[in-house]
Every structure is written in structure tokens, then in C-alpha cells.
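Participant: Take a look at the following structure, please.
Every number here is computed from the coordinates shown, using simple stated rules; none is lab data. Predicted, not measured: the structure shown is a model, and the values here were computed from it. Note: ideal-geometry Cβ built from the backbone for every residue, glycine included; neighbour counts use all protein chains shown.
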Amino acid sequence: MASQIQSFMAQGAQMFLVLAVAPAAAGITRKVKARLTRRQGPPVIQVYRDLLKLIRKDSVLAGNASWFFRSAPYVIFALTWVATALVPTFASGLMFNWAADVVALVALIGAARVLLALAAMDVGTSFGGIGSSREMMIASLAEPATLLVVLTTALTAGTTRLPEVAQFLISQPLEIRVSFALAFVALSMVALAENARIPVDNPATHLELTMVHEAMVLEYSGRHLAMIEAAAHLKLVLYISLIICLFLPFGMAPLEGEPIVWMIGLGAYLAKVCFSAVALGVWEVSIAKMRVFRVSEFLGSAFVFSFLAILLAFLSREVLR
Amino acid sequence: MMVERPLDILAVALAIYGGAALLSLILPRRLLGIVYPACILAAILACAADLSVLAGQADFKAQLPIGLPSVGLRFRLDGLAAFFGFIVNLGIAASSLYGIGIGKADLSKRIEPFYPAFCAAMNTVLLADDAFGFLFFWELMSLSSWALVVARHEEAECRKAGYVYLIMAAMGTAALLFAFGGMAGAAGGYGFDAIRAHKLTPLISALVLVAALFGTGSKAGIMPLHAWLPLAHPAAPSHVSALMSGVMTKVAVYAIIRIVFDLLADPPWWWSLPFIILGAATAVGGLLYAVQDRDLKRVLAYSTIENIGIIFAGLGLAIAFKATGIVAAAAVAMAAALLHSLNHSWFKSLLFLGAGAVLHATGRRDLDGLGGLIQRMPKTAFFWLIGALSISALPPLNGFVSEWLLFQAVLAGPGFPEPILRFLSPVLGAMLALAAGLAAACFVRAFGTVFLGRPRSKDAAEAHEVPFVQTLAIGLLAVLCILGGLFGGFSAYAIGPLLKTLAGTELTGLLNGPTKLSLIAFDPERSIYDAPTIALFVTLSSITTMLFVHLVSNRRTRRAPAWDCGFPDASPATQYTASSFSQPLRRVYKGVVLGAVESLDMPPPGDLRPGHFSVRFYDYAWRNLYAAPAEALLAVATRFNAFQFLTIRRYLVLMFCTLIALLIVTAVWM
């Protein structure tokens with residue numbers, strides 16, 4: 001019973017932790033980018049202020065926007081939030097993360113993306129269509145790559161449940177696995193594409209024919225836009241958490257831990273998220289955005305990497321039979 | 001509910017189907033609508049009978065003294081037949097409910113008499129317990145559906161579809177004839193029990209497999225035998241399309257399961273190879289065409305091909321696992337194939353009936369002429385959205401249940417002793433993952449262009465919602481898609497006895513999870529998916545978020561013209577069309593598998609004529625495997641045509657030469 005309460009609390013804490021951390025991660029990346037390009041940049045807390053400001057503003061809807069357009073942001077946010085809350089972050093013994101394994105997790109992200117792509121087409125503007133069509137092109141390559149990456153790690157750990165995968169990796173001696181290295185590269189590439197980051201998309205651009213994510217949300221404003229933005233921040237944290245959980249789970253607290261272990265787990269997680277956000281900022285200023293139609297080559301190679309990873313995992317002897 | 005004599009109830013249902021077919025021959029045209037309530041009644045009765053057998057797992061047999069001498073016409077209702085009977089009759093019930101809403105003007109002597117006959121034929125194929133009866137009813141099913149395809153024979157497109165379908169159906173039945181002939185052997189016991197007892201040499205059974213795959217694959221739509229589906233399924237009236245695509249393809253799946261897992265029994269492991277390879281290729285190939293096509297019903301037909309590919313891949317994995325003794329994984333793969341058959345029949349019927357509603361409301365099914373129907377047909381749009389999300393395998397809807405099980409089966413792949421299978425299973429996993437991504441793109445495109453945006457034509461702008469019974473039929477299927485998704489664990493539990501007979505074991509981990517409704521492939525520690533919990537979480541967090549936002553915000557919403565980056569264009573033609581939506585995908589996959597030809601006619605500067613851009617795309621399989629041989633045959637036939645108008649002397653010379661040639665051959669041979 002005590003462990004039940006503990007895991008329930010862990011689950012609750014996690015739900016609010018990711019919600020609290022998500023805008024900060026985006027803020028840190030933005031700040032790092034600004035500093036590296038010799039600008040002052042907005043403070044990290046600005047992202048929170050922006051969200052609050054957007055929520056408080058009037059929402060302006062296009063004349064022909066349907067019920068789908070109005071309700072989609074909430075569902076997209078909820079789907080992303082639930083998905084993020086199901087990835088073990090600081091502790092692995094969460095109350096409800098048995099409800100969805102990695103396959104279901106990838107599908108949950110897919111559901112949020114499909115709803116956003118549909119919402120983009122609702123008003124019937126050319127930009128919405130551009131964004132939606134490109135997003136689905138990117139997703140049609142990124143989603144299989146993600147799936148193959150998570151299946152690779154699941155195969156090695158002998159389970160598709162994330163907490164067990166993390167526990168398995170912690171219990172293993174530290175060694176370089178070729179399949180994991182390939183999977184890591186592939187997942188990082190996919191994470192860049194899925195979060196509309198350079199070189200696939202530019203989160204800071206508007207009025208440019210190369211934009212993808214921003215084109216989709218162009219018609220949103222006010223509280224609806226706030227939901228979409230918050231979901232985007234959450235998705236970034238989700239991918240960072242997923243990479244951490246699959247490849248760097250060290251420091252994560254097990255279920256039967258003392259409070260001090262939990263604090264260590266929390267500290268380790270926050271440090272890892274900070275580091276990832278900084279690394280993302282450095283990466284974004286050091287590379288140029290690519291043309292939309294080179295994205296397929298970029299993601300195609302991610303797909304090939306992930307395929308090689310799973311192939312190696314299947315054929316290697318270390319797989320648990 | 002246990003029914004004492006399910007076969008009797010099925011006989012009553014069949015009698016109703018048959019009676020409706022005969023009655024509709026003599027009824028005046030305006031009264032023909034009566035066949036649909038009759039079919040619903042029969043379908044409900046049959047569903048009840050099938051369900052009771054599925055729960056009880058007893059076999060029921062009957063024999064009629066007609067048919068082949070000494071064999072008779074045998075019927076048998078076992079778990080497998082009952083499961084597919086449930087799929088078939090539920091699909092019939094939904095389509096018939098939709099059919100009630102068909103206007104009096106659209107009733108026709110070319111449709112309504114054949115509809116119940118088609119329903120009856122599909123039921124009897126499942127019940128047949130001897131080769132003769134099976135082939136007879138199979139052919140009856142093909143012919144009655146062919147009659148429905150050519151119902152609008154005045155359109156050239158329908159005639160072509162009917163022609164191609166007839167050829168493919170005839171070839172398929174011929175292949176099945178060889179398959180059963182091979183299985184029965186020279187002694188010729190055509191009852192299924194005699195076939196089961198008859199042991200085949202490996203060579204013969206391999207030939208039987210090829211023939212059976214050809215026969216059932218051509219009906220189900222396995223590539224490259226799929227060419228007739230995108231022609232014939234859309235050509236039929238929409239409620240018949242729903243039956244052909246959602247249900248008849250499952251009868252073909254039933255046939256291959258019956259042959260491979262029951263009649264031949266204990267297939268060797270390499271039999272899985274054609275299933276896995278063809279299934280994976282079909283899954284991805286079908287979608288690549290689906291994502292390009294501009295006709296709503298053709299998109300759905302191509303998507304059926306994809307789903308059949310997934311089912312065949314699942315069957316292939318089941319064969320491989322069973323043959324190598326990994327029964328737990330065989331059960332998972334089999335459960336994936338069976339549940340995907342069930343789920344696909346629901347959402348594909350939903351989507352086809354919805355497409356029928358769109359066709360009825362607007363008179364068109366070209367994606368580029370529709371749009372904005374969510375405003376004019378809100379109910380159809382909502383239900384179609386659920387169907388589209390289900391078929392894209394998104395949780396918590398039903399398409400994801402079978403997809404999830406299939407991935408779990410793929411993950412058991414490292415257990416294979418054969419290196420080829422160990423290599424193939426990640427390839428299959430990659431192809432399935434690719435198919436899942438493409439399916440989402442395909443249905444975002446379809447729903448987005450048909451129901452969202454602004455109307456692209458006057459027809460779409462003036463659309464109206466279809467009659468209540470039709471939205472009811474679509475809505476009930478949508479409810480089934482949701483329930484099937486939430487209670488996937490229950491469905492997997494319910495088919496347990498069937499899995500035991502086909503794969504050797506049921507899903508043993510099912511009830512060991514944190515809740516009784518979790519879907520568990522092997523054991524809860526290894527993998528688990530709990531749709532109700534996820535659905536609850538998502539619902540709760542949406543509501544909480546909405547409440548919170550409404551608490552903080554000023555709740556004001558203003559309506560204004562679309563922003564569109566400051567340059568809104570009033571013309572709906574500026575929207576993305578279905579063709580423009582698929583352009584990035586076309587560009588990615590062009591040359592690999594797609595036969596897309598883009599032509600751009602750009603006038604030089606100063607020239608005032610308008611520029612033109614057009615995309616044509618063709619089916620590789622159609623061009624190379626159907627059209628090219630047909631042309632070659634025609635060319636040869638034209639050459640031989642010269643022999644038709646010879647003088648009698650020349651004919652005599654020809655006969656003389658033939659005689660000499662034959663004599664020489666005989667002389668050399670001896």
C-alpha cells in the first residue's frame with residue numbers, strides 16, 4: 001500500500017513536473033541561441049509570461065472555423081501531456097505508466113500530430129495546407145523511425161515498458177552497443193524534426209515558405225494558441241525525456257527509494273534536461289536550415305539508422321530470447 | 001446466451017436472405033426497399049448464432065443430399081466460421097441499415113435482388129464443409145457482387161470495372177479449384193474431413209499453397225493481384241462497396257486461414273515467407289497509391305489493400321511462430337490478424353458508408369471538388385473522423401489494438417531459429433511502421449480535403465445531411481470502433497478458444513494485468529496497453545485544462561476573416577487540394593514505387609497564356625502485369641487473325657503440314 005501511495009504521488013508529481021519544466025526548456029534554448037548570436041534574448045521566464053498572456057487574450061477565430069478547430073487544441077494538449085507524463089523522468093515507479101508501453105506512447109504522439117494537421121486544414125487557407133501536408137510528409141518518415149528506435153531498445157531489454165527498459169539499462173554495466181549508438185543518432189534526428197527545430201524547420205520564422213509547424217498554427221490565437229504552444233513545449237520535453245530514459249537513465253530513482261534517492265533522481269533529471277536544452281541551442285546556431293525537400297533525405301537517413309539499429313539488435317546475440 | 005441449434009438459426013437467416021432475393025425479383029420497383037429490413041433481421045439472427053458458437057466452441061454439422069454424389073452438400077459451423085460469420089453479418093447489418101435510407105428513385109432491379117443473394121453467398125462460403133460447396137458458393141459470391149458492380153452499366157467506367165473483376169474472379173476461382181483438387185488428391189475425397197485426413201507430399205502442398213494464395217489473394221487484394229479492387233469497389237453502390245471492401249475481403253482471409261491452418265494443418269515454417277513478404281509489400285504499396293489517388297472511394301479501396309497486407313503479414317508471422325514451436329507468439333500474431341479483420345470490417349464499412357453519404361449529398365467523390373462538409377454534414381463528418389482516426393491506428397480506437405498486437409508479435413522475432421525469419425521480422429516491423437505513418441498521412445489528407453476547409457465546388461457548398469437511418473448506420477459503426485478500441489483486451493479474450501485451435505494457445509497473460517481490461521500480449525511485465533485508462537487520462541486532462549483555461553481567460557471569442565499571413569484570398573481554389581497535399585510525399589517516393597508523371601507547362605515571360613500543371617499517376621502493377629500482357633495477347637491474336645480468311649487450299653496445306661509435324665514429333669519421341 002505504501003508503495004502504491006508513493007507511486008501515485010510520483011505520478012502526480014511527474015504530471016506537474018513536466019508541465020512546469022516544459023516552458024523553461026524552451027526558454028533556455030531560446031536564451032542560449034540569443035546569447036550565442038550576441039543578443040541579450042528574453043529571460044527564460046518570458047515563455048511562461050507569453051503563455052499566460054495568450055490565455056488572457058481574446059481568441060480570434062476565422063469566420064468558417066468549425067467546432068473541430070476550437071476543441072482540437074485542448075485534446076492535442078491533453079494527448080501530449082499524458083504522453084509526456086507516461087515517460088519515466090526522475091523516478092521509474094509511476095502509478096500509471098503501465099497503461100501505455102512505448103508503442104502506445106509513439107501512437108499517442110501520432111494522435112496529437114494528426115489532430116493538429118487536421119486542425120490546420122479546417123479554415124481552408126493555403127498556409128494551413130502547406131503546413132499540414134509537409135508535417136505529414138515529415139511524420140511519415142519520422143514516426144516509423146521513432147517506432148524502430150524504441151523497438152530496438154525494447155528488444156534489448158526484453159520488454160516494451162519504459163520503466164522496465166530504464167531499470168534494465170541502469171542494471172547493465174556501461175558499455176557501448178552499436179545498435180544503441182545508431183538508435184540514439186536516429187532518435188535525436190527525429191526529435192529535431194518532430195519538434196520543428198533547425199535544420200528541419202525554424203521555430204522562430206514566420207512568413208516564409210519553408211515553415212512547417214508555424215504554418216499549421218497560423219490561424220490560432222489567444223487561449224487556443226496558448227494550448228498549442230504549451231503542447232509544443234511539452235513535446236520537446238517528451239522527446240528529451242524519452243532520449244534520457246532510453247539512453248541515459250542513470251540516476252533515475254527506483255520505486256522503493258528513500259526520499260534522498262528521489263531528490264537525486266529529480267536533480268539528475270533537471271540537470272539532464274538543462275543540458276539537452278543548452279545543447280539544442282548550440283546545435284541550432286551552428287547549422288543552417290535545409291530546404292524542405294532535403295528533409296526527406298535527412299529523415300530517410302534517420303530511418304535507415306533506426307532500421308540498422310533494429311536489425312543489429314535482432315541479429316546480435318545479446319538479445320534476451 | 002447459449003443457442004441450442006445455431007445452425008438452424010443460420011438456416012432461417014439464410015432463408016430470409018434467399019427469400020428476400022427471390023421476392024425482390026417479382027416486387028414492383030418502388031417496394032424493393034423491403035430487402036434491407038429483411039437483411040437486417042437475417043443478419044441479427046445470424047450474428048446471434050455466430051456469437052453463441054464463438055462462446056461455446058462446439059461444432060455443428062448438417063448435410064443436404066444435393067451436390068456431389070457421395071459427398072452431398074455439407075455445412076459445418078465451428079469457431080472460425082462463427083468468428084468470420086460475425087464479421088460478415090455485422091457488416092451486412094450496418095450496410096442494410098444504411099440501405100433503408102436509399103431513396104425510392106435509386107431502387108433498382110439491378111441492385112436489390114442481388115444484394116441479399118450476395119449476403120447469403122458470403123454466409124454460405126463460411127459454412128461450406130466440402131470443396132464443391134465451397135467453390136460453388138464462392139463463385140456465387142463473386143457473381144452476385146459482380147452483378148452489383150455493373151449495376152450502373154451505362155457508365156463505361158463501371159463496365160470496365162465489371163470486366164476486370166469478372167476475369168480476376170474467374171482466375172481466382174480456377175486457382176482455388178486447383179488448390180482443392182490438389183488437396184483432395186487422385187482419390188478425390190472432397191469433404192473437408194477427407195481432405196484433412198489426406199496427407200500431401202511437400203511438393204503438392206507447396207503447389208496447393210501457391211494456388212490457394214492466388215485464389216484468395218486475388219479476392220482479398222494482395223499485390224499484385226489487387227488491380228481490380230480500386231476499379232470495382234468504388235463502382236458499386238456505396239453500401240455494396242462497404243460490403244465488398246469491409247466484408248468480402250474477410251471471406252477471402254477466412255478461406256486462406258481455413259486452408260492453411262485447418263485443411264493442410266501444421267504448415268512448414270517457410271510457408272510464412274510469401275505471406276510476410278507479400279503482406280509487407282502490399283501494406284506499404286497499397287498506401288502509397290491510396291495517398292495519391294484523388295477519388296474518395298478509390299482511396300478507400302487502396303487502403304483496404306493495405307489492411308489486407310497487414311492481415312496477411314500477421315498470418316505469416318503466426319505460421320512462422322507456430323511452425324517453430326513458439327506458440328505464445330503465434331497466438332499473438334494470430335490474434336492480431338483476426339482482430340484486424342474484425343476492426344477493419346468496422347472502420348472500412350464506416351468509411352465507405354460515409355463516402356456514400358458524401359456522394360449522395362454532393363453527387364461527387366473527387367477529393368478536389370469537395371471540402372467544408374463538416375459545416376453542412378456535421379454528424380457524418382464526426383463519425384468519419386472517428387473512422388479515419390481508427391484506420392490510422394491511433395489510440396484509444398480499435399485500429400491500434402491489432403497494430404499493437406502485431407508489433408508485439410514482431411518483437412518476438414529474435415526467437416526464430418531460422419536466420420531468414422530473424423532477418424525478415426525487423427524488415428516487416430519497419431514496413432509496418434512505415435505503413436502506419438503513411439496511413440495517418442493518407443487519412444489526414446482524405447478527411448482534410450473532404451470535410452475541412454472551404455467548399456471547392458457548388459455541389460459541396462450546397463450539400464445536405466443524409467437521412468437519419470444512414471447517419472445512424474455510420475454512427476453505430478463509429479461506436480463499435482470506439483468500443484472495440486477501449487475493450488480490445490476483451491475481444492482478445494473472447495477469441496481465446498479460437499486462438500487455441502488455430503495457434504495452439506490463447507493469450508495467457510490477458511487477465512493478469514492491473515485491470516481486467518488491459519491488453520497484454522505475453523505477460524504484464526513485458527508489454528501492456530490499457531486503452532480505458534489512457535482514454536480516461538486524456539479525457540480528464542482535456543477537461544481539467546479546459547476548465548483551467550476558461551477560469552483564467554476572459555472567454556471571449558471573436559469571429560473575423562481568416563488571417564492567412566495577411567493575404568487571405570477569397571477564392572477556395574487557393575486552398576491546398578488533395579493533389580497538392582500529396583505532392584511532398586509524391587516527391588519523396590517518386591521513382592521508388594510510384595508511377596507519377598508530373599508535367600508542367602510554363603509559358604515564357606511575356607506570353608499571356610495560362611500555365612498548366614498536371615499530375616497523372618498509374619499503377620505499376622496494372623501497367624506491367626495486366627495491360628502489357630493484354631496488349632501482347634492482342635497483338636498475337638491480331639497476327640493469327642490472318643488465318644481466319646484463308647482459301648480452302650491453304651487450310652488443307654496447313655492441315656497437311658500439321659500432320660507431318662506431328663508425325664515427326666511422334667517419330668522422334670518414340
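Participant: Using the Kirkwood radius over C-alpha pairs as Rh, can you work out the diffusion coefficient of chain A via Stokes-Einstein at 10 °C, viscosity 1.306 mPa s, in µm² per second? Each step should come with its number before you reach the end.
Facilitator: Numbers: Rh = 20.2 Å.
Calculated translational D: 79 µm²/s.
Participant: List every DSSP H helix in chain B whose Cα atoms extend 30 Å or more along the helix's own long axis and whose mean Kyte-Doolittle hydropathy is at least 1.0. Don't jump to the answer; show the numbers that get you there.
Facilitator: Details: long enough: B:6-26 (31 Å, 1.98); B:35-56 (31 Å, 1.94); B:79-100 (31 Å, 1.67); B:156-184 (42 Å, 1.09); B:296-323 (41 Å, 1.19); B:327-362 (51 Å, 1.24); B:419-451 (48 Å, 1.67); B:531-552 (31 Å, 1.76); B:648-669 (31 Å, 1.97).
Membrane-span-like by this criterion, though nothing is claimed about a membrane: B:6-26, B:35-56, B:79-100, B:156-184, B:296-323, B:327-362, B:419-451, B:531-552, B:648-669.
Participant: Using only atoms on other chains, find how many Cβ atoms lie within 10 Å of each Cβ of peptide B:571-577 and report the average.
Facilitator: Partner-chain Cβ atoms within 10 Å, mean over residues of B:571-577: 4.
Participant: Longest span of chain B, sites excluded, free of GluC sites (Glu not before Pro) in DSSP loop with at most 10 other C-beta atoms within 10 Å? Don't skip to the end; give the middle numbers.
Facilitator: Values: sites that count: B:GLU4, B:GLU154.
Maximal segment without exposed cleavage sites: B:155-670.
Participant: Ok, one more. Could you size up the charge dipole of region A:2-315 around its Cα centre, putting +1 on the beta carbon of Lys and Arg and -1 on that of Asp and Glu, and report it in debye to the nearest 20? Display every interim value, and only then the final one.
Facilitator: On the way: 22 positive and 18 negative charges, 189 e Å.
About 900 debye.
Participant: Over region B:86-231, what relative contact order in percent results from Cα pairs under 8 Å that are six or more residues apart? Present the calculation step by step, with values, prior to reporting the outcome.
Facilitator: Numbers: 135 pairs, mean separation 29.6, N = 146.
Computed over region B:86-231, the figure is 20 percent.
Participant: Another question, then. Shielding by partners for B:405-411, please: the mean number of other protein chain Cβ atoms within 10 Å of each residue's Cβ.
Facilitator: 4
Participant: Test of the criteria: in region A:128-197, which GluC sites (Glu not before Pro) are in a DSSP loop and have at most 10 other Cβ atoms within 10 angstrom of their Cβ? Could the numbers behind the result be given before it?
Facilitator: Details: sites: A:GLU135, A:GLU164, A:GLU175, A:GLU194; in loops: A:GLU175.
Qualifying residues, ordered by number: A:GLU175.
Participant: Using only alpha carbon pairs under 8 Å that are at least six residues apart, calculate the relative contact order of region A:2-315 and give it in whole percent. Could the numbers behind the result be given before it?
Facilitator: Numbers: 484 pairs, mean separation 98.7, N = 314.
That works out to 31 percent.
Participant: Using +1 at the C-beta of Lys and Arg and -1 at the C-beta of Asp and Glu, which of B:GLY314, A:GLY110, B:LEU510 has the Cα lying farthest in the positive direction of the dipole of the protein assembly as shown?
Facilitator: The one lying farthest along the dipole's positive direction is A:GLY110.
Participant: What are the principal axis extents of the Cα atoms in the protein assembly as shown, in Å, biggest first?
Facilitator: Each principal axis gives a Cα extent; for the protein assembly as shown these are 101, 71, 63 Å.
Participant: Take each of the peptides B:129-137, A:264-272, average the number of other beta-carbon atoms within 10 Å over its residues, and list them starting from the highest. Please report the intermediate quantities before stating the final value.
Facilitator: Working: B:129-137: 22.2, A:264-272: 18.0.
For the peptides B:129-137, A:264-272, the packing ranking is B:129-137, A:264-272.
Participant: Order by neighbour count: B:PHE640, B:PHE275, fewest other Cβ atoms within 10 Å first, most last.
Facilitator: On the way: B:PHE640 9, B:PHE275 28.
Starting with the residue having the fewest Cβ neighbours, the order is B:PHE640, B:PHE275.
Participant: Then there is this: Using the 10 angstrom Cβ neighbour count as an exposure proxy, how do B:HIS612, A:HIS224 rank, fewest first? Please report the intermediate quantities before stating the final value.
Facilitator: On the way: B:HIS612 10, A:HIS224 29.
The order, fewest Cβ neighbours first, is B:HIS612, A:HIS224.
Participant: A further question follows. How much net charge surrounds B:LEU625 when only the other residues with a Cβ under 14 Å from the Cβ of B:LEU625 are counted, with Lys and Arg +1 and Asp and Glu -1?
Facilitator: Details: positive: B:ARG623; negative: B:ASP619, B:GLU631.
So the surrounding residues net to -1.
Participant: Just to be sure I follow: if Rg is taken over the C-alpha atoms of region A:26-85 and Rh is the Kirkwood radius over the same atoms, what is Rg/Rh? Please report the intermediate quantities before stating the final value.
Facilitator: Numbers: Rg = 15.9 Å, Rh = 14.2 Å.
Expressed as Rg/Rh, it is 1.12.
Participant: While we're on this one: Determine the dipole magnitude for region B:206-347: charges of +1 sit on the beta-carbon of Lys and Arg, -1 on that of Asp and Glu, nothing else is charged, the reference point is the Cα centre, and the result goes in debye to the nearest 20.
Facilitator: Numbers: 7 positive and 5 negative charges, 33 e Å.
The dipole magnitude comes to about 160 debye.
Participant: Suppose R0 equals 35 Å; then what is the FRET efficiency for B:THR658 and B:ALA635 from their Cβ-Cβ distance, rounded to the nearest 0.05?
Facilitator: Numbers: r = 23 Å, r/R0 = 0.67.
The calculated FRET efficiency here is 0.90.
Participant: Skipping prolines and chain starts, which residues have an amide H placed within reach, meaning under 5 Å, of the one on B:ASP130, given they are 5 or more residues away or on another chain?
Facilitator: It is B:ARG74, B:PHE192, by chain and number.
Participant: Given all pairs of different Cα atoms, what value in angstroms does the Kirkwood hydrodynamic radius of chain B take? Before the final figure, lay out the partial values.
Facilitator: Working: mean 1/r = 0.0376 Å⁻¹.
So the Kirkwood estimate lands at 26.6 Å.
Participant: Taking amide H positions as placed in the peptide plane 1.01 Å from N, state which residues far from A:ALA91 in sequence (5 or more) or on other chains have amide H under 5 Å from it.
Facilitator: Placed amide hydrogens put A:ALA253 under 5 Å from A:ALA91.
Participant: Would you mind putting A:297-307, B:308-318 in packing order, based on average other-beta-carbon counts within 10 Å, highest first? Intermediate results must be reported in sequence, preceding the final value.
Facilitator: Values: A:297-307: 21.1, B:308-318: 29.9.
Output ranking for A:297-307, B:308-318: B:308-318, A:297-307.
Participant: Could you state, as a whole-number percent, how many of the C-alpha pairs of region B:628-670 are farther apart than 14 Å? All intermediate terms of the calculation are to be shown ahead of the outcome.
Facilitator: Values: 590 of 903 pairs.
Cα-Cα pairs of region B:628-670 separated by over 14 Å account for 65 percent.
Participant: To the nearest whole number, what is the average tally of beta carbon atoms from other chains within 10 Å of the beta carbons of peptide B:583-589?
Facilitator: Counting Cβ atoms of other protein chains within 10 Å of each residue's Cβ and averaging gives 6.
Participant: May I ask for the net charge around B:PRO568, where only other residues with Cβ less than 13 Å from the Cβ of B:PRO568 are counted and Lys, Arg are +1 while Asp, Glu are -1? Intermediate values should be presented prior to the final figure.
Facilitator: On the way: positive: B:ARG454; negative: A:GLU219, B:ASP564, B:ASP569.
Combined, the nearby Lys, Arg, Asp and Glu give -2.
Participant: For B:LEU633, B:LEU519, what ranking results if the residue with the fewest other Cβ atoms within 10 Å of its Cβ goes first?
Facilitator: Values: B:LEU633 10, B:LEU519 28.
Fewest-to-most Cβ neighbours within 10 Å comes out as B:LEU633, B:LEU519.
Participant: Also, quick follow-up: Ordered by packing density, taken as the mean number of other Cβ atoms within 10 Å over each peptide's residues, highest first, how do B:371-381, B:244-254, B:548-558 rank?
Facilitator: Working: B:371-381: 22.6, B:244-254: 26.5, B:548-558: 13.4.
So the peptides B:371-381, B:244-254, B:548-558, ranked by packing, come out B:244-254, B:371-381, B:548-558.
Participant: Considering lysine pairs in chain A that are 8 or more places apart or on different chains, how many have Cα atoms under 22 Å apart?
Facilitator: 10
Participant: Quick check: the angle from helix A:162-171's long axis to the longest principal axis of chain A, C-alpha only, nearest 10 degrees?
Facilitator: Roughly 50 degrees between the two axes.
Participant: Under the rule of at least 5 residues apart or a separate chain, name every residue whose amide H is placed under 5 Å from the amide H of B:ASP295.
Facilitator: Answer set, sorted by chain and number: B:LEU367.
Participant: Using a cut-off of 9 Å between beta-carbons, work out the net charge of the residues near B:VAL150 (Lys and Arg +1, Asp and Glu -1, B:VAL150 not included). Write down the numbers at each step before the final one.
Facilitator: Values: positive: B:ARG110, B:ARG152, B:ARG159; negative: none.
Residues near B:VAL150 contribute +3 overall.
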